[in-house]
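Just below is one structure, and these are the notes that go with it.
All of the numbers you see were taken from the coordinates with simple rules; none came from a lab. Values in this document were obtained by computation on a predicted structure and should not be read as measured data. Heads up, the Cβs are rebuilt from the backbone with ideal geometry, glycines too, and the neighbour counts pull from every protein chain shown.
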Amino acid sequence: MNELSGTVVTPTLSYPGRVRWDTHIEAVEAALGQPGGYILPGFIDLHVHGGGGADCMEGAEATRQMARFHAQHGTVALLATTVTAPLGDLEAALAGINQVIQNPGPGEARVLGVHLEGPFINSSRLGAQPPYTIPPDLGIMRHLMSLAPIQVVTLAPELPGALALIRFLSEAGIRVQMGHTGANYAQARAGFEAGAQGFTHFFNAMTGLHHREPGVVGLGLEKASFAEVVADGLHVHPAAVRAIWKAIPQLYAVTDAVEAAGMTEGKYRLGRHSVYKKAEGVFLEDGTLAGSSLTLDQAVRNLTDWGLSLGEAVEMTSGRPARYLGLENLGSLEAGMAADIVVLNEHLEVEQVYLGGQALSSSEEFGA
């Protein structure tokens, strides 16, 4: 039995406490004495392409490298996120990701499944997505679903055939998110009524809010329970993050991280695109944002710097993504939950990560 004392952080309360666990949490209880570090549920990233020099489009070993990298930053579970690509590339990527899902390795964040970002998106709203869009197609979707467990699909609801695809995916238990879309308000509402539940990197690559044409953003502010936001301070201004945090009850943070996360400045890959890391951002050659170099521990620090409490930041990086996917054993510190735990120091830097109750690394390996 393992035991750890410190400041236990929940969405509504922080208190001196003690957590006891084996492979699962046995007890969480108040404790006397001076708190040590902050004890949090592990982070869950539902939109991540890569990191640590790896892009999950490159297959199994790259997916493992990405999962190991993000685990070092407190992410205990993730959705490997593809980009729009030729069908053969997608088939190879899904087959590789599925190998990792079926045979997880030590020190890797759990790969819960796939977030298929495209190829059923609007070619006029690519952002940094490579230009290989195709119209929504039930046959192709069924084929891709046979290759790996797809949990989330990002698509554009205004495309011909999109509403039928949304209904099919919803009935199959797959979360549909509107993104990379030029939909007007009426088209977005039709997608929502067909079963779309989420919004991909809210504000980015979608029609904005205007008081006479509310667009996808307006529909999200009006109707959304869940939406993801890239909490790097580049994709969305902190004031806008605070605003949608108030408006969307289950807003959660994602990294949208790419291969360049954790790496030095220079040239990297995003699917078939070349991207460039400069300072804290990742860009196409023309300056378009191309994913991020964010990790979820940095997202927690950003969110608290922007005015959220640590508990609220934890809810955005753990509780809400778990709730969105219907995960019953992750996202909280409660008896019976998986012992996937993150310990932060007073500066909210990662000191230790436990995956399935096992220590991932010593604090010396994480560095300052």
Open item on the list: Cβ neighbours within 10 Å, averaged per peptide: list 117-123, 278-284 in order, most packed at the top.
Closed with: 117-123, 278-284
Open item on the list: Using only the Cα atoms of the range 18-74, what are the Rg and Dmax in Å?
Closed with: 16.3, 50
Open item on the list: Full-extension gain between Glu222 and Asp137, please, as 0.36 nm times their residue separation minus the C-alpha to C-alpha distance.
Closed with: 27.7 nm
TODO: Could you line up Asp256, Asp22 from fewest to most neighbouring Cβ atoms inside 10 Å?
DONE: Asp22, Asp256
Task: Among Cys56, Ala247, Ser318 - extreme Cα towards positive end, dipole of the range 42-331, charges at beta-carbon - done: Ala247
- [ ] Give the distance, in whole Å, between the Cα centre of the range 174-197 and the Cα centre of the range 133-160.
- [x] 14
Task: Hydrodynamic radius (Kirkwood) for the range 129-176, which is based on Cα pairs only, to one decimal in Å - done: 11.2
Task: Longest to shortest principal axis, alpha-carbon extents of the chain, angstrom - done: 61, 44, 41
TODO: For the range 78-130, count all C-alpha to C-alpha pairs, find those more than 19 Å apart, and express that count as a whole percent of the total.
DONE: 34
Task: Magnitude of the charge dipole, the chain, Cβ model with Lys/Arg +1 and Asp/Glu -1, debye to 20 - done: 840
Task: the range 233-265-the range 35-52 distance, computed between alpha-carbon centres (Å) - done: 14
Open item on the list: Taking every alpha carbon pair in the range 223-279, what does the distance histogram look like in 10 angstrom bins from 0, in percent?
Closed with: 21, 40, 25, 14, 0
TODO: Averaging sequence separations of C-alpha pairs under 8 Å and six or more residues apart, then dividing by the length of the range 42-331, give the relative contact order as a whole percent.
DONE: 18
